[in-house]
1. Restrict the check to the range 241-249 and report whether at least one residue is of a type outside the set (Ser, Thr, Tyr), out of contact with any Cys (no Cβ under 9 Å at 6 or more places or on another chain) and either closer than 25 Å to ASP73 by Cα or within 16 Å of the ligand (Cβ to nearest atom) (or both).
2. For the range 59-86, what are the residues that are at pLDDT below 90, among the hydroxyl-bearing types (Ser, Thr, Tyr) and either open to solvent by less than 40 Å² (accessible area, probe 1.4 Å) or within 9 Å of the ligand (Cβ to nearest atom) (or both)?
3. Taking VAL477 as the residue in question, decide whether it is surrounded by fewer than 24 Cβ atoms within 10 Å (Cβ to Cβ) and part of a loop (DSSP other than H, G, I, E, B).
4. Just checking, which of LEU408, LEU425 is within 25 Å of ARG71 (Cα to Cα), in the same structural domain as THR359 (by TED's automatic domain parsing), open to solvent by less than 10 Å² (accessible area, probe 1.4 Å) and out of contact with any Pro (no Cβ under 7 Å at 6 or more places or on another chain)?
5. Within the range 189-203, is even one residue at pLDDT 95 or above and either in a helix (DSSP H, G or I) or in contact with an Asp or Glu (Cβ under 7 Å, 6 or more places away or on another chain) (or both)?
6. Mind checking which residues of the range 234-278 are touching a strand residue (DSSP E or B) at 6+ places or on another chain (Cβ under 8 Å), within 27 Å of SER413 (Cβ to Cβ) and open to solvent by less than 10 Å² (accessible area, probe 1.4 Å)?
7. Considering only the range 87-114, state which residues are within 16 Å of the ligand (Cβ to nearest atom) and under 16 Å from ARG411 (Cα atoms).
8. Residues LEU32, LEU45, LEU27: which one is in a strand (DSSP E or B), within 16 Å of the ligand (Cβ to nearest atom), open to solvent by less than 40 Å² (accessible area, probe 1.4 Å) and not assigned by TED's automatic domain parsing to the domain that holds ASN358?
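The values are calculated or read from the model by the stated rules, or taken from the named source; none is laboratory data. Bear in mind the structure is a predicted one, so any value in this text is a computation, not a measurement. Using ideal geometry, Cβ is built from the backbone for each residue, glycine included, and neighbour counts are taken over all protein chains shown. When the accessible area is computed, the model is the full protein with side chains, heavy atoms only, and any ligands, DNA or RNA have been set aside. Shrake-Rupley method; radii C 1.70, N 1.55, O 1.52, S 1.80 Å.
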Amino acid sequence: MQHQLRPADGRSDRSRVAIIGTGLAGLTTAYLLHQDQQKRYDVTLFEQAPKFSLDAASVTLKNDATGSLERVDIPPRSFCRGYYANLCRMYDHLGVPFQRIQLIWVFAKVSAASQAQIPVAEAAETMPGSYFVYGKRLHELLLISPHFWLRASLQNVLLTFYLAVCHAWFFLACFFLPPRTIQPETYLDVKHSAAKSSKGCESFRQYLDRIWLPQRYVLYYLLPILSIICSCSHAEMLDFPASDVTSFMKGTFLRKTYVAKGGINRVQATLAEGIQDVRLQTRVTKVERVDGGGGVRVRYESMQEGGEKRSSSSEQVFDRVVLAVSPNVAAAIFNPCKPLLSVVPTVPVTSTVLASPNTKVSLVHEKSHVPSGECSYRRGEAQIMAFRTTFSDSIVQTESLHYLSGGLVVRTSPTADVPEVKGTLDTSRFTRTLRTTESRSMVQKAMETKGAGSGNEWVNGKDNVWVVGSWCWDGMVLLEGCVISAMRVAKDLGVQVPW
Ligand SMILES: Cc1cc2nc3c(=O)[nH]c(=O)nc-3n(C[C@H](O)[C@H](O)[C@H](O)COP(=O)(O)OP(=O)(O)OC[C@H]3O[C@@H](n4cnc5c(N)ncnc54)[C@H](O)[C@@H]3O)c2cc1C
């Protein structure tokens, strides 16, 4: 769908575009429109927080003994070639180097009593409840290392074989047994006509049943990893569309994991460079079509540091608006998308940066967009990522403990309430969008551009309003979705994507 390129009110020959949200999706859209070769777009960025969101939760830490600075990206925003094809092309275009990260995975069961205890790095592999360490043993086995055979107990040899077979079985299924396409009426209590009319896909739970993957492997090894990637409980992960998981497994198969070298702040600074109209601490409360005029009214209020409202509402009319926010916020501020997007589930996630006992570190308050300090990932140094799962009657969920160098640990839990433990330096809260077979249908429907402008239901771009974000594509809610959805807006507005 190619939209009219002139501004709706004819007052200037440049079109005014408001972008609400400054995560990767908002900033990528802003970059693309700002870089338009014909210079047709004036971009205004709205962000309710005091900083751009892409790097807002990252921290710089000072080692009080040595004076060295360490940058810790929160979340880590890791990626690989393959599944993240567009993100990698964009990073290459922006000149962002990749840094490889290697992880040793420790699987552990955790009880309510031991949850508050965060083992130090040296004790991580043998932490209470630990039942397997992946990264050493499995690779050693695969390399047919004599080391493995000399050290391992018979029980460990058998367990390693069992996991290798399950792993191979699961990958083979992802490649050769595609998820079934089924009519939504047969598997859902579908309340929405939009979901009824589009083709459905079986859930991950149904897929696992069909491929007969052993329960033990699913519960203790597969779900802890997948649920950490998606920041949700095991039950929520099982509700994901199976196609999300199989595409992800295929796209990441035998790929190395990377992060942006030097930190995500470099990506943020490059994407935002040159954009003048940036309104931080400004919360958008309503977006609505201006009757007759063709523009879009944006109502907003300015905020104080703690998130309190500072001023009464103001408003401004733009030619186009891009909602680069989570689906619950989009549904709350732009009424026409509510019927489609209110069924998309979201959950809170908490990340905490902790210092091990005897580690003397303090937080540095950065003043510029490009902070000091290098990121913690040292070349060739494998870091421990512990998956600690709570198996209780009410919920089964996994939290991760990522051990960085210098005695720092990043704890990420799929919940809003994480009791503060000793050594906490910083806590950040995020909203994560989940996927279900029903929400997949709704998002697909919203992303359909054909027929935009006709019919009653809102679709992306209708009323000159778009949505972008990690959830605005048919795949896992990850950075690739941010780039793909931003590229879609650029295409709709006739802007060439330079990667
Ligand atoms: C713990 C964690 C780990 C992750 N790890 C990875 C990973 O390793 N790899 C990967 O690919 N993905 C990862 N993800 C997912 C990925 O980072 C996010 O999905 C992605 O960054 C979301 O970007 P976004 O631009 O869609 O939205 P956001 O980054 O959520 O940006 C939305 C912005 O809109 C602002 N906003 C909201 N409402 C308003 C309003 N009314 N007015 C003004 N501003 C508003 C918010 O303040 C926010 O800044 C992770 C996510 C989490 C939570």
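1. Residues of the range 241-249 that are of a type outside the set (Ser, Thr, Tyr), as a first pass: 241-242, 244-245, 248-249.
Add one more test, that the residue is out of contact with any Cys (no Cβ under 9 Å at 6 or more places or on another chain), and what stays is none.
Taking every residue of the range 241-249 in turn, none turns out to be of a type outside the set (Ser, Thr, Tyr), out of contact with any Cys (no Cβ under 9 Å at 6 or more places or on another chain) and either closer than 25 Å to ASP73 by Cα or within 16 Å of the ligand (Cβ to nearest atom) (or both).
2. Passing the criteria: only THR60.
3. Working: surrounded by fewer than 24 Cβ atoms within 10 Å (Cβ to Cβ): no; part of a loop (DSSP other than H, G, I, E, B): yes.
It is false that VAL477 is surrounded by fewer than 24 Cβ atoms within 10 Å (Cβ to Cβ) and part of a loop (DSSP other than H, G, I, E, B).
4. Values: LEU425 fails: open to solvent by less than 10 Å² (accessible area, probe 1.4 Å).
Result: LEU408 is the single residue among LEU408, LEU425 that is within 25 Å of ARG71 (Cα to Cα), in the same structural domain as THR359 (by TED's automatic domain parsing), open to solvent by less than 10 Å² (accessible area, probe 1.4 Å) and out of contact with any Pro (no Cβ under 7 Å at 6 or more places or on another chain).
5. Scanning the range 189-203 turns up at least one residue that is at pLDDT 95 or above and either in a helix (DSSP H, G or I) or in contact with an Asp or Glu (Cβ under 7 Å, 6 or more places away or on another chain) (or both).
6. HIS234, PHE240, PRO241, ALA242, VAL259, ALA260, GLY263, ASN265, VAL267
7. Within the range 87-114, LEU103, TRP105 qualify.
8. Details: LEU32 fails: in a strand (DSSP E or B); LEU27 fails: in a strand (DSSP E or B).
Unique residue meeting the criteria: LEU45.
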